[in-house]
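Take a look at the structure set out below.
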Amino acid sequence: MIPATLLTNALLVGAVLFCLGLVGILTRRNLIVMFLSAELMLQGVSVTLVAWSRYHGDWGGQVLVVFVLTVAACEAAVALVFVLQAFARTGRLDASAWQALREENLPRVIDHGLPADDRVVPTWPHLSPAGVLPEGDDSRSLERDHV
Amino acid sequence: MQSSAANLLVLVPLLPLLPLLGAVCTVLLGRRLGPRAHIPAVAGIGAAAVVALLLLLGTATQVGAGHGDPPRPEPVEIISTLWQWATVGDARSGDLPATEAGVPIAPGTAVSGGTFSIPIALRLDPLTATLLMVITGVGLLVAIYSIGYMHDDPGYPRFFALVAIFVFSMSMLVAASNFLLVYVFWEAVGACSYLLIGFWYTKPEAARAAKKAFLVNRVGDFGLAIAVFLLWMTYGTLNFHDTRLADGTFVEGILGQTRIADEAGYVGGAVGTAICLLMLLAACGKSAQMPLHVWLPDAMEGPTPASALIHAATMVTAGIYLITRSAPLFMGCPGALTMVSIVGATTALVAALIATVQNDLKRVLAYSTISQLGYMFVALGTGTMLGFTAAIFHLVTHAFFKALLFLGAGSVMHAMGGVIDMRRFGGLRHVMPITAATFLIGACALAGVPPFAGFFSKDEVLASLHAKAHPDAHGSDHGEAGRQPPETGIDAGGVADRGVRSFRPASMTSRSSTLASRSTGTTDHAATTEKIGLDALDHPSTWRLLFWMSLLTAGLTAFYTFRAVFMTFTGPVRIPKEAGHHAHESPPVMTNPLLVLAALSALSGVVLFFTDALAHFLAATPSLNAPAVLATAVAHAFHPDIAIQGTLAAAIGIAVAAIGHLGRRSDSPQMERYLGPLGALFANKFYFDPIYAALIVKPLEALAMVTAFFDRAIVDGTVDAIGQVPLAWGSAIRRMQSGLVQRYALAGVVGVLAIVLALAWQLRP
């Protein structure tokens, strides 16, 4: 494949990733999804960097991407802590729960509640329990039905 | 002699310092001292009085017996330069109008390289020493009196602090040896006056009177400021005394001995007359002469001791001091001098007429003060040695008897519970014998009853006028002096044989030749026999008119003074209900100053007149040692004819007052009912206040309203409108601050997109 075509394709992929991430971050209200969208944008840029790096034959771009990945990993950890904390405060993962920093006397941005969850919780076949039942509170489920 | 002069040099700055120290202590410790807050101020003023006495005696020992006939002492002048206040180099760059007018800046000497410097210099000469003694002496007595008068007043410490500051300012005013310093302290005493008139500032009349006094004084102060500018332009210095600069240049002071001795040292003509008239305006403001006299009667809203000290005895004489000090300047401008007399005589007569129908005891005294100050102006305007010394003589005796009268009135007011309307009380001699007796002595002195002080000083004033009105009867001496060459002018009059004076008719032409020879070489203006403009007023017929006006004033003075005495102290005893339990003689702390002042009012005139001490002493003042003044000196004499006229006028006045008021109820119908329409004119003070209100106050108020409207509607409106713009923008844009993260992110995206598009547009191929 000729380098120009490779570059064009890679840039297209990067742009698509970036735009998906952008749309995601602007439209989704779930904090984790928003964070994922941000990661998507970051990776789109990383792809672009790698493509240009290949095109120019300069390893610097790829080295930079490795660093970006590393930093993004750390950043993901920190961001998830924030998300967890935010959830602990409000019990919701909705970004629109956090709008107290608006100008005084402005009405709260009216948003519609989340659509009613009419999904049928599937019952999954599971193996019969074996071994010792772990001690703890049975009423608290360790997993949530949905996020 | 030398050590004595050195001692005086130390004492001069000490004198104003002591009251200032007293004032500072009163301000700092006043609240803590409480009812003893008078101690620092009284101690400071008392110490200053002692220093003033030392200075007076010290100066007196410096004044020699003099030589010639009449004896003329050598000028005595001690200058104490404390420090240089401000120095502006090269202040005279650019050409000067004064030199264009053909006037030498300093004949025979180099100008000080255009350096403008203001030395803080204090001077001591007979005039200053006399006034310092009066200021601190009367100030001390008034301060002691105030201990009794002001007790229990909530502003007790404030009052004493102000009195002490006033004594400081006034001492500095008369001791300053520089026109700029004089101006500074001219304003300072005005400020003290303002603060003391408005002492009871919660009382609207007092606040209004204080404002009026301050504003009317501004008119005069404006005159003084312009006069000082003109003096600087004309003479290149503002110092009174001669100075030698660090670089050895000699600068002739405006009233320094070099210039005074110099026949051609002073500017005549338009510039000189302008300076003198502006100074007269200043003096009119401070000394309450027409047309700026309107503030003084209202100033009686202040505490009575302040009225006695400031508005009767000392501050209002600042104008007299200024003109006496500037005598050599005035001598070159006979027209301005005559104006001084005309203003004085008119004021004296008008104020006396107004005083005849006043029913407020303090207002009678206030108009009397204006009238007596007019007397001093009349004497000053004669421009003779007799006139100047008579004015200061009258100033001194007036300070004593008018302070006495005011303090007596204060004592009455104190006893009557603040009532000062003479119609509401009477027969008080039974209630307050000491006050009545001392008041009577003061009244006799004011009315000019022989042998009280006022008689002699008034006699001198009238004599000085008479000499000008009838030059052939009195003025032989200056006629002879005038004929001598100017170089020997100082001694000439003395050498001249006085025995033959009656054989030499000194007619109008000889007076003109006096003027001509006196001003040889200055400008050809004064040398001409034909007098032009204002100078044409200097004519014996003018002086004859002024003499008769003054004599009429003397009669009126006697009338209104004794009208007040009879209304207040004779007749059936009547006491207003406001007096309560107060209606008794004042405490000794108040009556003792009255007794001292009564003694001074009774005796000072006799002593000073017959020993001729004051006149001889004052003649050693450099300003009065000018050849032009010296040439007019005549031998000290008692003028029986004038004394008889003056006494007759006083006797008639007292007799009329006795017919109208002696022994009657003071609220019974008064003599003014015979005056007809004139009574209304006098009672309304010649309608000065309504005229000023219509001509000056109302137009200014209208202008103020217009400017206020302009300010509020247009200036403020514009500012407010400009202020509304960001607010409007803000209220539009603030909706974007929604607090939603995603909207912010959207704004960021839109922004980046805009930048990218703009870049793309820029970089399009």
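The values are calculated or read from the model by the stated rules, or taken from the named source; none is laboratory data. As the structure is a computational prediction, the values presented were derived from the model and not from experiment. Positions of Cβ are generated from backbone atoms using ideal geometry, with glycine treated the same way; all protein chains shown enter the neighbour counts.
Of all residues in region B:569-587, those satisfying the criterion of being aliphatic (A, V, I, L, M), in a loop (DSSP other than H, G, I, E, B) and touching a helix residue (DSSP H, G or I) at 6+ places or on another chain (Cβ under 9 Å) are B:Ile575, B:Ala583.
For region A:48-65, state whether one or more residues are in contact with a helix residue (DSSP H, G or I) (Cβ under 9 Å, 6 or more places away or on another chain), modelled with pLDDT under 95 and within 14 Å of chain B (Cβ to nearest Cβ). Checked region A:48-65: no residue is in contact with a helix residue (DSSP H, G or I) (Cβ under 9 Å, 6 or more places away or on another chain), modelled with pLDDT under 95 and within 14 Å of chain B (Cβ to nearest Cβ). Evaluated against (1) touching a residue at least 40 places away in the same chain (Cβ under 8 Å); (2) assigned to a helix (DSSP H, G or I); (3) surrounded by fewer than 15 Cβ atoms within 10 Å (Cβ to Cβ), B:Gly663 falls short on exactly one condition, (2). The single condition from (1) within 14 Å of chain B (Cβ to nearest Cβ); (2) surrounded by 16 or more Cβ atoms within 10 Å (Cβ to Cβ); (3) out of contact with any helix residue (DSSP H, G or I) (no Cβ under 7 Å at 6 or more places or on another chain) that A:Phe87 fails is (1). The residues on offer are B:Ala409, B:Ala399, B:Ala355, B:Ala366, and the sole one that is buried (at least 24 other Cβ atoms within 10 Å of the Cβ), within 16 Å of B:Gly302 (Cα to Cα) and out of contact with any Asp or Glu (no Cβ under 9 Å at 6 or more places or on another chain) is B:Ala409.
Being buried (at least 16 other Cβ atoms within 10 Å of the Cβ) and more than 9 Å from chain B (Cβ to nearest Cβ) is the filter here; which residues of region A:91-111 pass it?
A:Leu93, A:Asp94, A:Ala97
Per this entry, B:Tyr321 is not counted among residues that are touching a residue at least 12 places away in the same chain (Cβ under 8 Å) and in contact with a Pro (Cβ under 9 Å, 6 or more places away or on another chain). List every residue pair whose Cβ atoms sit under 6 Å apart, with the two residues 6 or more apart in sequence or on different chains, where the first one lies in region B:428-445 and is among the aromatic types (Phe, Trp, Tyr) and the second, anywhere, is part of a helix (DSSP H, G or I) and crowded, with 24+ Cβ neighbours inside 10 Å. Hits for this filter: B:Phe439/B:Gly408.
Per-residue answers, yes or no, for (1) under 25 Å from B:Trp295 (Cα atoms); (2) within 14 Å of chain A (Cβ to nearest Cβ):
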position	(1), (2)
B:Met671	no, no
B:Phe686	yes, no
B:Ala693	yes, no
B:Leu700	yes, no
B:Ala713	no, no
B:Arg735	no, yes
B:Gly739	no, yes
B:Val749	no, yes
B:Leu753	no, yes
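In region B:526-543, the residue that is modelled with the lowest pLDDT out of those that are part of a loop (DSSP other than H, G, I, E, B) and under 15 Å from B:Gly383 (Cβ atoms) is B:Lys531.
Residues in region A:66-84 that are more than 14 Å from chain B (Cβ to nearest Cβ) and not small (Gly, Ala, Ser): A:Val66, A:Phe67, A:Val68, A:Leu69, A:Thr70, A:Val71, A:Cys74, A:Glu75, A:Val78, A:Leu80, A:Val81, A:Leu84. Somewhere in region B:174-194, is a residue touching a Gly at 6+ places or on another chain (Cβ under 7 Å) and either polar (S, T, N, Q) or at pLDDT 90 or above (or both)? No, the conditions are met nowhere in region B:174-194.
Among the residues of region B:353-384, the ones that are within 20 Å of B:Met339 (Cβ to Cβ) and in a helix (DSSP H, G or I) come to 12 in all.
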